[in-house]
1. List, please: which pairs have Cβ atoms under 7 Å, are six or more places apart or on different chains, and start with a residue in the range 144-163 that is in the same structural domain as R116 (by TED's automatic domain parsing) and end with one that is among the β-branched types (V, I, T) and surrounded by 20 or more Cβ atoms within 10 Å (Cβ to Cβ)?
2. Would you tally the residues in the range 313-344 being more than 20 Å from L287 (Cα to Cα), surrounded by 18 or more Cβ atoms within 10 Å (Cβ to Cβ) and aliphatic (A, V, I, L, M)?
3. Which number in (1) under 28 Å from D275 (Cα atoms); (2) surrounded by fewer than 19 Cβ atoms within 10 Å (Cβ to Cβ); (3) modelled with pLDDT of 95 or more marks the one condition that A140 misses?
4. So D359 passes all but one of these: (1) free of Cβ contacts under 8 Å to residues at least 12 places away in the same chain; (2) in contact with a Pro (Cβ under 7 Å, 6 or more places away or on another chain). Which condition number does it fail?
5. Just to be sure, is V249 under 30 Å from S328 (Cβ atoms), in contact (Cβ under 8 Å) with a residue 12 or more places away in the chain and of a type in the set (V, I, T)?
6. If we only count helices (runs of 4 or more DSSP H) wholly inside the range 253-353, which ones have 1 or more residues that are aromatic (F, W, Y)?
7. Yes or no: the range 216-228 includes at least one residue that is surrounded by fewer than 15 Cβ atoms within 10 Å (Cβ to Cβ), out of contact with any strand residue (DSSP E or B) (no Cβ under 6 Å at 6 or more places or on another chain), part of a helix (DSSP H, G or I) and at pLDDT 95 or above.
8. Among E170, E258, which is the only one that is surrounded by fewer than 22 Cβ atoms within 10 Å (Cβ to Cβ) and of a type outside the set (F, W, Y)?
Amino acid sequence: MISEFRACPQCGTRNKISRESCARCGEPLQGVSVTKPATVPAEPARGGARREPAPIPWGTILGLLIAGWLGIITLGGGGDAARGPDPAIFAAPMPLPAPAPPAPRPASNPGEDAYREGYQLLLRGEAGLAAQRLAEAVEASPETPLYRSTLGKALLAAGAQEEGLQQLGEAARLAPSNVDFGWDLGRALHQAGRAEDAASALESALAAQPGHTGVLQDLASQHAANGRFDEALPFLRRLAEARPNDLGVQQDLARALEKTGDATAAAGVYRHVLDRLPEAAITRGLLAEVLFNEGRGDEGIALFREGLDRQPRNPLLHRGLASLLERSNRVTEAVAAYREYVRLAPNAADAKDLAARADALEARQARVASAQ
């Protein structure tokens, strides 16, 4: 046990008085006063009265301060020694700033609990109960569009179509800059068979976010489904520009171009899709039809044969080829192609009809041959 010691002014380690540097950190101990055990406050007695603490060793503390001061001067170089210690080392430390009080938790929106419960019920498929709780949320906060939109969906799921559409409409009216509310309304109106209202709602939603590809696609699809390819075309152009790698969109664009009379542009887009995806049998058939209608039937037939080299068991290619061959008065080849289609797709809805057509073509050809 160390009786007398020198306390390291750097780390506080107790060192034997014979050491010239600290055993722990190597700090020089020259000039550090010797501390005697009697100056250390005694521990409380076990099970008895607490001992009186020894007097504070002010001499030792002053010695440590002086040693530390000397160390600062020595490390600082000769130029700093002339200035003496920084008076700031004797100043009382600045008090630490009090910790900031915790931010008050924002009060929950009125109806939030009812909304959460209703939403969970809707996710579980309990649309009727969900609508009841969501109606409470709307009553508590009628200007919250999310509550009205979710209530509208619950009502639609519960079979209350008009009430559901009304709530979706209110949500879109309350938040016209939020594309999702108008998008939901447009889709719901389309499902309800109100095509004009659906298109109007979707166009209003698109005004809030002109590049929204989901709304663009829905508008294009709805117009095309109703045979209004001229109205679908501008939305498809914008969609194709936003999704240049979406070959389905490119094919829809080509179809709209074809339907609006621009066969040359349509053929170019079909060809682009086919170059990117040679296995696209539907696209191949559409391009072959465009070529045939432009008087380039041989190119259309060659296009089908090229596809069959890649996919010899694709029934759609055999059927498309048979049709072009028949219309090109190449009856024998057409009969073979129809029969191959029936062989590959015997359960297709038109298999029996096309089998009968092949028989009829063959019989007609035989009559013509016998008459000659």
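1. That search, which allows pairs on different chains as well, returns Y147/V138; R148/V138; L151/V138.
2. Adding up the residues that qualify gives 2.
3. With (1) under 28 Å from D275 (Cα atoms); (2) surrounded by fewer than 19 Cβ atoms within 10 Å (Cβ to Cβ); (3) modelled with pLDDT of 95 or more applied to A140, the lone miss is (1).
4. (2)
5. Working: under 30 Å from S328 (Cβ atoms): no; in contact (Cβ under 8 Å) with a residue 12 or more places away in the chain: yes; of a type in the set (V, I, T): yes.
Spelling it out, it is not the case that V249 is under 30 Å from S328 (Cβ atoms), in contact (Cβ under 8 Å) with a residue 12 or more places away in the chain and of a type in the set (V, I, T).
6. 263-276, 281-293, 297-310, 331-344
7. no
8. Answer to the selection: E170.
The values are calculated or read from the model by the stated rules, or taken from the named source; none is laboratory data. Source: prediction; values computed, not measured. Positions of Cβ are backbone-derived with ideal geometry, glycine not excepted, and every protein chain shown enters the neighbour counts.
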